[in-house]
Structures are given as structure tokens and as C-alpha cells.
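A short write-up of the structure that comes next.
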Amino acid sequence: MLFDEVFCVASGPSLKKVDCEEIEGLGYPVIAVNNAYSMFRQPYALFAGDEDWWRRYGGAVPAGIRRCTASRSASVLYGVEYQRIGTPEVEFNSGSMAIQFAASLGAKHIYLLGYDCSIREGIHFHGRHTRHLRNPTETSVQKWHREFDGVRNELSHIDIINCSRRTELTCFPIKSLEAVIG
């Protein structure tokens, strides 16, 4: 299936249910990152790159959601679709891989929500992971910025707009959600 416009929705602390309901209600295809799937009735896809995430949360993901990972072991162990897209040398995180996945679906316009890329206002919209998963640190956030820079360079031909309510991810242009869907 090909899409012209896609929302990639990550689990940053600025993510709000009202924004998710609005984009879902307007019929935009959504690729949810990790626990962000829980903010939607039926996202098109869920991208969680880590085997540990699938071990902890995979059993709770409702049927009918396309499930993708960049982990070969998670693909084999949990029956998740393997999607490792982009230049192999470029480091990645689940949020950056969701953007790459959207591009592979033909998206010419990719809009980001919950891509805070900061822990100043909290860890995730759902709070801290409690078991078996790492929570972000300043070091991991700095690494994410480098990874998103790599995605920006690789996908410079695609319009990627960060619509997150609060963000420190500045390698993509920033616009309000209202400006994009209004």
C-alpha cells in the first residue's frame, strides 16, 4: 500500500490523546512507535525496533495492526515483520526507522508527533518503563539527534515536518499540528 502523507507518532511526553484522535479521525495513516500504538484505535502500523520491547509489550498489541521491527531476533521470536530500511551504516532508533518505513510506503509528506527528543519534560507520555527496558538518558537523546540527522540527509527529497507540541529535534522543519492539518 502506498501513501502520500503519513503521521509517525512516537512516545515523547508531549504526545496528547486529543492530537492522536484528531489525526485518526481525519483518516491519516499512522505509524505508531513503541507504546504510542495505545493512543489509537487502529494505527496502520506499529514500529518497535527492540526485541526487549516485543518481549514486554508485544502480547498486548491488538490484532489487525501491522507489526514491524528492525530486530531480526524479534522478527523470528514474535512473528513480527522485519523492516531494516535505509543505509546500513546509519544508526537508528525506533522513531527514525518509522520515518524510513513511511518513506518506503511512498510517503512524500511525513508528519511527526511525540518526537520530543528530550527528557527535560519527562521520559515518555506513559511514564517510565518499569521492567526489562531501558529508559532514555541524556546520552541516548544525544545519539538520537545524530541518528535523525542521518535520516534527514538520507531522505532530503521527502517533506518531513515535526508537529510535536514540544521538541528539541530541529533537523526537520517545525510546524504546529493545526498548521499542517488545518
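Of all the numbered requirements in (1) among the aromatic types (Phe, Trp, Tyr); (2) at pLDDT 95 or above; (3) over 24 Å from Ser156 (Cα atoms), Tyr57 misses one, and that requirement is (2). Among residues of region 4-31 that are open to solvent by 10 Å² or more (accessible area, probe 1.4 Å), those with a beta-carbon under 7 Å from a residue that is basic (Lys, Arg) at least six positions away or on a different chain give the pairs Asp4/Lys108; Lys16/Arg165; Glu24/Arg41. When region 157-172 is filtered for residues that are among the hydrophobic types (A, V, I, L, M, F, W, C), open to solvent by 10 Å² or more (accessible area, probe 1.4 Å) and touching a Ser or Thr at 6+ places or on another chain (Cβ under 9 Å), nothing remains.
Report yes if Val80 is touching a Gly at 6+ places or on another chain (Cβ under 9 Å), β-branched (Val, Ile, Thr), closer than 28 Å to Val180 by Cα and in contact (Cβ under 8 Å) with a residue 24 or more places away in the chain, otherwise no. Here the answer is no, as Val80 does not meet what is asked.
Residue pairs whose Cβ atoms lie under 7 Å apart, separated by 6 or more positions or on different chains, with the first residue in region 47-64 and without any contact (Cβ under 8 Å) to a residue 24 or more places away in the chain and closer than 9 Å to Val80 by Cβ and the second open to solvent by 50 Å² or more (accessible area, probe 1.4 Å) and assigned to a helix (DSSP H, G or I), are Gly58/Tyr78.
Can you find a residue that is modelled with pLDDT under 95, surrounded by fewer than 14 Cβ atoms within 10 Å (Cβ to Cβ) and more than 15 Å from Ala45 (Cβ to Cβ) anywhere in region 93-100? Looking for residues that are modelled with pLDDT under 95, surrounded by fewer than 14 Cβ atoms within 10 Å (Cβ to Cβ) and more than 15 Å from Ala45 (Cβ to Cβ), one finds none in region 93-100, hence no.
Here is the figure for region 150-182: residues that are of a type outside the set (Lys, Arg) and touching a Phe, Trp or Tyr at 6+ places or on another chain (Cβ under 7 Å) total 9. Considered as a group, the residues in region 124-156 that are at pLDDT 85 or above and charged (D, E, K, R) include one that is most open to solvent (accessible area, probe 1.4 Å), and that residue is Arg146. Given the structure, is Ala107 open to solvent by less than 30 Å² (accessible area, probe 1.4 Å) and either part of a helix (DSSP H, G or I) or at pLDDT below 90 (or both)? No; evaluated as a whole, the condition is false for this residue. If you filter region 110-123 down to residues that are surrounded by 21 or more Cβ atoms within 10 Å (Cβ to Cβ) and hydroxyl-bearing (Ser, Thr, Tyr), you find that the one that is modelled with the highest pLDDT is Tyr111. Please work out if Ala45 is more than 16 Å from Leu177 (Cα to Cα), at pLDDT 95 or above and buried (at least 18 other Cβ atoms within 10 Å of the Cβ). Yes.
The values are calculated or read from the model by the stated rules, or taken from the named source; none is laboratory data. Everything numeric here is computed off the predicted structure, so don't read it as measured data. Here Cβ is always computed from backbone atoms with ideal geometry, including for glycine, and neighbour counts include all displayed protein chains. These area figures cover heavy atoms from the full protein model, side chains too; ligands, DNA and RNA do not enter into them. Shrake-Rupley method; radii C 1.70, N 1.55, O 1.52, S 1.80 Å.
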